[in-house]
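A quick write-up on the structure given underneath.
The values are calculated or read from the model by the stated rules, or taken from the named source; none is laboratory data. What you are looking at is a predicted structure, and each value in this text was computed from that prediction instead of being measured. In this analysis, Cβ positions are derived from the backbone assuming ideal geometry, glycine residues included, and neighbour counts consider all displayed protein chains.
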Amino acid sequence: MANLKDIKDRIQSVKSTQKITRAMKMVAAAKVKKAENTVKASRPFTAELTAMFKKLLSSVDGYNSTTLKIKSAIDNYPELLEVRETKAVGLLVITSNKGLAGAYNANIVRKTLTTIQDYNSRGIKTILFVVGQKGIAALKRKCKEFNSEIIKTYVGVANTPSGEGAKMIIEDIAEYFVSHKIDKIEIITTRFKNMMSYFTESWDVLPLKGLNEDYEKYHDGIPEPLMEFEPDMHGILQKIVPMYITNIVYQALLEAQASELASRMTAMSAATTNAEKMLHTLTIDYNKTRQWAITQEIIEVASGANAQLG
């Protein structure tokens, strides 16, 4: 039977851990509500931008870059709209910087490795753009085993998603796409559902061409009006294409942050409850051990007294 000091030390250790998990739960709960509101507020804008972008592409017959002033790869929209044979795929993997979020990061890493294996089986190379320290650490160990490599890493944007951070990421991705180092880009992220659940999924980002193929030109049987471009079609597309793909990345970052916080809140809530159960069990063990020790002392005293009397 364990001695009283060992049990008492363990009770104190569990209490200290419980204080930490309870505090982390409260912090995550305070943050997740704000993140949830941000995600829900951004979804209508993303949906409307996607619908408008599909409509815009359906009104365009051809693309021409000869009259464009191209300062960076993201400005070269004709290249971004080009569909070519897929020989290499870039995966933008969005994880978190912190742990203690249940299976959140493990689910994303598992989805990434499954995706890499799928492409490997088809003879397609994969390179990774990884957001978050947890994903960087986990995938760095696995990349060589799965014949892949991490090209770019991003840490700050995992904590504070922003339009500027999303633009920085998409500029790097566009550079690799336009230079034909990759022929396709996917985002592996999580979709926030509610405070208790989320699910891992992949989103196609590049190439963009094909969005106009599934756009319905009739709404309730009424043909959509023709679009006129001012000052010109190519100038507008050069502005809209970067806006559209940057918004996809930004939305993915928001969804991931809300999912991470929800997962952490759930995990810390479960840990706090488990600590409470463990404290209950340890307290019973402590009392039993203490009673046993007292009984043992009484028996020893009584035995000694009987020996003297005899």
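Checking region 199-213 against the condition returns no match, with no residue being modelled with pLDDT under 90, in the same structural domain as I74 (by TED's automatic domain parsing), part of a helix (DSSP H, G or I) and β-branched (V, I, T). Among the residues of region 278-286, is any under 30 Å from K167 (Cα atoms) and at pLDDT below 85? There is no residue in region 278-286 that is under 30 Å from K167 (Cα atoms) and at pLDDT below 85.
Taken as a whole, the condition of being aliphatic (A, V, I, L, M), assigned to a helix (DSSP H, G or I) and at pLDDT below 80 applies to I236.
Listed by position, the helices (runs of 4 or more DSSP H) enclosed by region 47-165 that each have at least 3 residues that are touching a Ser or Thr at 6+ places or on another chain (Cβ under 9 Å) and polar (S, T, N, Q) are 104-121. No other residue among A275, A252 is in a helix (DSSP H, G or I) and in the same structural domain as T200 (by TED's automatic domain parsing) apart from A252. Only one entry of E175, E186 meets the criterion of being over 16 Å from T112 (Cβ atoms) and acidic (D, E), and that entry is E175. Condition test on I124, is it in the same structural domain as K54 (by TED's automatic domain parsing) and crowded, with 22+ Cβ neighbours inside 10 Å? No: the conditions fail for I124. Picking from residues in region 216-233 that are of a type in the set (D, E, K, R) and at pLDDT below 65, the one that is surrounded by the most Cβ atoms within 10 Å (Cβ to Cβ) is E224.
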